[in-house]
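*Asks:* If you scroll down you'll find the structure; I have some questions about it.
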Amino acid sequence: TPGRAHVLAIGNEKGGSGKSTTALHIVVALLKAGQRVATFDLDSRQKSFTHYIENRQAWARRTGLDLEIPHHIHISLGASMQIADNEVSEFTQFSNAIAAVERSFDFIVIDTPGNDNYLMRLAHSMADTLITPINDSFVDFDVLGTIDPSNYACTGVSHYATMVRAARRQRRRIDGAMTDWIVVRNRL
């Protein structure tokens, strides 16, 4: 959409696939290319992406280097014992933060948690580009589909790929846009 930031969501339901690391590398590359970048960390428990950015800020201060730092937002976990209340709180934080940055930045990079939750699904459905890092293993590939190890034939679609398909369909229904889905082989 003209005048709106391009939204990149980094997602995979499997922990340890390299989502936060991939997100940080993309952010630094965009910043070095002169782009205005806002970042979101939706993993309210782990906060790896937030820690990476805080470490980059601390290193820049300590060394006196003029490192590019994105405008960063961390969505905190709702405090209620009721899931519905937490979803409302998290949605409100996220939608207000997105509305505040979507027209003043070129890119929004969203690091999603390694589990299926409301915000992770919301980020997937609003992405212009979804990037899913995976490692070289059948365990990681299982997030996308099931493979017969004897002949390497795809025998089924995984729960994550099904969720991505639904998120892409929802995005198309809302504004007619298509979400590009890129699967990145993260480690060799």
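*Asks:* Defining a contact as two alpha carbons under 8 Å apart and six or more residues distant in sequence, what relative contact order in percent does region 37-119 show?
*Replies:* About 46 percent, as a whole number.
*Asks:* So for HIS51, HIS25, what's the accessible-area order with a 1.4 Å probe, most first?
*Replies:* Per-residue accessible area, sorted high to low, gives HIS25, HIS51.
*Asks:* Once you keep just the Cα pairs under 8 angstrom separated by 6 or more residues, what percentage relative contact order results for the chain?
*Replies:* 31
*Asks:* Which value, in debye to the nearest 20, gives the size of the charge dipole of region 5-158 about its Cα centre, when Lys and Arg are +1 and Asp and Glu are -1 at the Cβ?
*Replies:* With Lys and Arg at +1 and Asp and Glu at -1, about 540 debye.
*Asks:* When the helix-only estimate is applied to the chain (DSSP H runs of n ≥ 4, each -39,500 (n - 2.57), divided by the residue count), what is the mean residue ellipticity at 222 nm, nearest 500 deg cm²/dmol?
*Replies:* So the calculated ellipticity at 222 nm is -13500 deg cm²/dmol.
*Asks:* On the full set of protein chains, 1.4 Å probe, figure out the accessible area of LYS19 and give it in Å² to the nearest 10.
*Replies:* For LYS19, the solvent-accessible surface is approximately 20 Å².
*Asks:* Let me make sure I get this right: for region 29-79, a, b and c are the square roots of the gyration tensor eigenvalues over alpha carbons, sorted descending. Under 1.5 in a/c it's rounded, otherwise prolate if a/b > b/c, else oblate. Which is it?
*Replies:* Cα axes put region 29-79 in the oblate bin.
*Asks:* What full-extension length gain, to one decimal in nm, is calculated for VAL157 and VAL139 as 0.36 nm per residue of separation minus the Cα-Cα distance? Don't jump to the answer; show the numbers that get you there.
*Replies:* On the way: separation 18, 0.36 × 18 = 6.48 nm, distance 1.39 nm.
Length gained, VAL157 through VAL139: 5.1 nm.
*Asks:* How far is it, in nm, from the label point at LEU31 to the one at GLN57 when both lie 7 Å from their Cα along the line to the Cβ?
*Replies:* Between LEU31 and GLN57, the simple spin-label model gives 1.1 nm.
*Asks:* Starting from the 7 Å offset along Cα-to-Cβ, what nm value, one decimal, do you get for the label separation of ILE147 and ASP116?
*Replies:* A separation of 2.2 nm, rounded to one decimal place.
*Asks:* Run the numbers for GLN170 and SER76: contour at 0.36 nm per residue of separation, minus the present Cα-Cα distance, in nm.
*Replies:* Value of the extension gain: 31.3 nm.
*Asks:* Please give the Cα centre distance for region 136-181 versus region 18-95, rounded to the nearest Å.
*Replies:* Measuring centre to centre over Cα atoms gives 25 Å.
*Asks:* Could you work out what % of the accessible surface of region 1-130 is carbon and sulfur, using a 1.4 angstrom probe and leaving DNA, RNA and ligands out of the count?
*Replies:* The C+S portion of the solvent-accessible surface of region 1-130 is 54 percent.
*Asks:* Listed highest first by mean packing, meaning other Cβ atoms within 10 Å per residue, what order do 173-186, 84-97, 124-137 come in?
*Replies:* The peptides rank, most packed first, as 124-137, 84-97, 173-186.
The values are calculated or read from the model by the stated rules, or taken from the named source; none is laboratory data. All values reported here derive from a predicted model rather than from experimental measurement. We place every Cβ from the backbone using ideal geometry, glycine too, and count neighbours over all the protein chains shown. The area values use the complete protein model at the heavy-atom level, side chains included, leaving out ligands, DNA and RNA. Shrake-Rupley method; radii C 1.70, N 1.55, O 1.52, S 1.80 Å.
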